[in-house]
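Notes to accompany the following structure.
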Amino acid sequence: MGHATEAFSESIKTDSILSAAKAQNPLMIERRESFAPNRVLLDVPPLAVLTNAYLHGFNELRQCAIITIRPKLAEILMQELQKVVDRIIAQKSIARSARQQDFAYLAEVAARHFIPYIERCFNHIFQSTSSLLDTSQVLDPLSELFQEKHKQPR
């Protein structure tokens, strides 16, 4: 997952953050009973690639998910999610004004779809009904970024 986080960081520095074919359709509604990622992640290719990398890691983990390693894995996952958030914040702070809204949207999609989805998948691997991750510490800074977007005059 560390490699995926680094690739994500490089991608948001150099690539276009938003997909050129950003579609609005009813299929983007996240279905809680499904473990398929929300299609809105496709609007943000760096997040889509990162989601795929996490899912690959989770599929490997699923084959040998020993309950005794759960706390350590939760700690590592939280560290990786924190790195993702830190990189979004860092890139937004140095982005040209033309890209500020793109980073606000990236933060919003990460907070509303990516992080909750990753949390749900991780909890499902260990068949946990309560969350094993405290994602509020990574969600709060992200929500500040996209709340700024909604406060700006149009």
Just checking, which of Glu108, Glu119 is more than 27 Å from Leu61 (Cβ to Cβ), in a helix (DSSP H, G or I) and under 12 Å from the mean Cα position of the chain (by Cα)?
-> Glu108
Which of the residues spanning the range 129-143 are of a type outside the set (A, V, I, L, M, F, W, C) and modelled with pLDDT of 85 or more?
-> Asp134, Thr135, Ser136, Gln137, Asp140, Pro141, Ser143
From the list Lys83, Lys92, which one is in contact with a helix residue (DSSP H, G or I) (Cβ under 8 Å, 6 or more places away or on another chain), buried (at least 16 other Cβ atoms within 10 Å of the Cβ) and at pLDDT below 95?
-> Lys92
Tabulated pairs, the range 84-103, first more than 15 Å from Leu142 (Cβ to Cβ), second of a type in the set (D, E, K, R) and part of a helix (DSSP H, G or I), C-beta under 6 angstrom, 6+ apart or interchain = none
Residues satisfying the stated conditions in the range 91-105, i.e. aliphatic (A, V, I, L, M) and more than 18 Å from the chain's Cα centre (by Cα) = Ile94, Ala95, Ala98
Taking Thr51, is it under 21 Å from Glu6 (Cβ atoms) and hydroxyl-bearing (Ser, Thr, Tyr)?
-> yes
Glu119 under 20 Å from Val40 (Cβ atoms), at pLDDT 90 or above, surrounded by 16 or more Cβ atoms within 10 Å (Cβ to Cβ) and acidic (Asp, Glu) | yes
Does Gln147 count as part of a helix (DSSP H, G or I) and surrounded by fewer than 14 Cβ atoms within 10 Å (Cβ to Cβ)?
-> yes
Just for the range 16-52: of the residues that are at pLDDT below 90 and assigned to a helix (DSSP H, G or I), which one is surrounded by the fewest Cβ atoms within 10 Å (Cβ to Cβ)?
-> Pro26
What about Ile76, is it out of contact with any Pro (no Cβ under 9 Å at 6 or more places or on another chain) and either modelled with pLDDT under 90 or aromatic (Phe, Trp, Tyr) (or both)?
-> no
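The values are calculated or read from the model by the stated rules, or taken from the named source; none is laboratory data. Everything quoted here is computed from the prediction, not taken from an experiment. We place every Cβ from the backbone using ideal geometry, glycine too, and count neighbours over all the protein chains shown.
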